[in-house]
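In what follows, a single structure is set out as structure tokens and then discussed.
The values are calculated or read from the model by the stated rules, or taken from the named source; none is laboratory data. All values reported here derive from a predicted model rather than from experimental measurement. No Cβ is skipped: glycine too gets one built from the backbone with ideal geometry, and neighbour counts run over all protein chains shown. Note: accessible area is taken over every heavy atom of the protein model, side chains too, but ligands, DNA and RNA are not part of it. Shrake-Rupley method; radii C 1.70, N 1.55, O 1.52, S 1.80 Å.
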Amino acid sequence: MDFNRIMTRVQVILKNPKTTWPVIAGEPATVKELYVGYILLLAAISPIAGFLKLSVFGVGVPMMGTYRMGIGAGLGNMLFSYVLSLAAIYLVGLVVNFLAPTFGGEKDDMQALKVVAYSYTAAWVAGAAQVLPWIGMFIALAGSIYSIYLLYLGLPVLMKCPPQKAMGYTAVTIIAAMIVSFVISAVVGGLFGGMGMMPDGQMNGPSQGSFDKDSPGGKVEEWTRKMESAGKEMEKARQSGDAQQQSEAMGKMMATALGNDGQVETLAPERIRGFLPETLSGYSRSSISAERHAAMGFQISTATASYENGSGDTLDVEITDMGLVKGVMAFAGWFGVEQEKSTDTGFERTYRKGKDFFHEQWDSQSNSGEYGTVAGERFIVKISGPAVDIEVLKEAMKGIDLAALAALKAEGVKK
């Protein structure tokens, strides 16, 4: 990783984008070179700044004082934000490539990834301003706006769309990027009790050296190799002219970007609601519903139910099939993400037992809490509500057939 070259590129793309885009368009690159030689460093700026802001400097809360997130939770939040931002960049690149013909451009997956990565430069750099007081918010906003401008200038050069169509191309890309960020953040955030995980967005010559195979860096390198392989398959499909083959290759690329080995069709609503029994540790089911949503090639199935006991207490149970996004659990495993914090009235902890994640949250003041786990690295199961203590929630969890649910982890997976 050549830091001097990276900093030079940052300066020229920000100061002279109109003359820099043609240079970037003519540079040979691979997915690995672009990630290792540019994205990995700059994408880390905002997550690191966010960690400093939340866990070191703290956030001022009116009339309440300064709030600091626990170091463990802050590190977990930082690592998740970083890893998911790497995946999000590739996904947005896929969208840019896919939309090219719609706006009179030419498909080229490598050029699409380049235009997205370098456009994100302004937002990444401005992300460092998070550590500042209120003005940091405006600096970060300015960086995001300038990144949109960079994308607007870069699309006609790298994707060869007519300049008059660049505005529409840019607008649709931004909307797609927001959807990708929302889907990733919402699904993963469902387990970790509100930990923020919104993703934020080469140099010539091969990179030197590599990380240990089983280290987090090694896993990222392995991921980039898979992305490059999937990219080659996409290019073959594009050249074949076969629409079905192109669709399958696109699906595989999106799956790979999220850490999966294939596409995933989530369980049908009636299948997933079947895991919510009529009774649960002395509670009787009072209501139940299930639904499946799809957007941008992602599917998510969710089943929810409420249970009541003779004392009028209610427990809410939710089962979510993460589908394609299940691969983010592998990302979590790479970094061994765990967190634990305690307050005067309760505690919150996320931990692992073997390959399984668990989340516990309890407030003794309201006598309520939440207990969740992930079955088969794919299905999020949460139980929440008032109780004597969190052991009541854990006991209720025993009424969910987690083993049978985990056995379905490969169902709907298309290699």
So, in region 337-348, exactly how many residues are at pLDDT below 85, in a strand (DSSP E or B) and open to solvent by less than 70 Å² (accessible area, probe 1.4 Å)?
2
Here is a check on your reading of the model: is Tyr118 at pLDDT 90 or above and in a helix (DSSP H, G or I)?
yes
If Ser311 satisfies all but one of (1) modelled with pLDDT of 85 or more; (2) farther than 23 Å from Gly372 by Cα; (3) of a type outside the set (A, V, I, L, M); (4) buried (at least 16 other Cβ atoms within 10 Å of the Cβ), what's the number of the condition it fails?
(4)
Among the residues of region 130-144, are any modelled with pLDDT under 90, crowded, with 19+ Cβ neighbours inside 10 Å, of a type in the set (A, V, I, L, M) and in a helix (DSSP H, G or I)?
yes
It is to be established whether one or more residues within region 100-114 are assigned to a loop (DSSP other than H, G, I, E, B) and crowded, with 21+ Cβ neighbours inside 10 Å.
yes
Among the numbered criteria (1) open to solvent by less than 10 Å² (accessible area, probe 1.4 Å); (2) of a type in the set (A, V, I, L, M); (3) modelled with pLDDT of 85 or more, which single criterion is violated by Met7?
(1)
Selected residue (criterion: nearest to Pro277 (Cα to Cα)) from residues of region 396-415 that are exposed (fewer than 14 other Cβ atoms within 10 Å of the Cβ) and either among the hydrophobic types (A, V, I, L, M, F, W, C) or more than 22 Å from the chain's Cα centre (by Cα) (or both):
Asp401
Tell me the residue from Gly297, Gly274 that is modelled with pLDDT of 90 or more and either among the polar types (S, T, N, Q) or closer than 20 Å to Glu411 by Cα (or both), please.
Gly274
Being part of a loop (DSSP other than H, G, I, E, B) and surrounded by fewer than 17 Cβ atoms within 10 Å (Cβ to Cβ) is the filter here; which residues of region 368-395 pass it?
Val388, Asp389
Is there any pair linking a residue in region 116-143 that is under 19 Å from Pro17 (Cβ atoms) to one that is at pLDDT below 85 and of a type in the set (Asp, Glu), with Cβ under 6 Å and at least six apart or on different chains, and which?
Gly127/Asp200
Go through region 393-415 residue by residue and tally those that are among the hydrophobic types (A, V, I, L, M, F, W, C) and touching a Phe, Trp or Tyr at 6+ places or on another chain (Cβ under 9 Å).
9
Just a yes or no: is a residue in region 33-50 among the aromatic types (Phe, Trp, Tyr), at pLDDT 85 or above and not in a helix (DSSP H, G or I)?
no
Filter region 360-415 for residues that are over 27 Å from Ser342 (Cβ atoms), small (Gly, Ala, Ser) and out of contact with any helix residue (DSSP H, G or I) (no Cβ under 9 Å at 6 or more places or on another chain) and give the result.
Gly399, Ala403, Ala404, Ala406, Ala407, Ala410
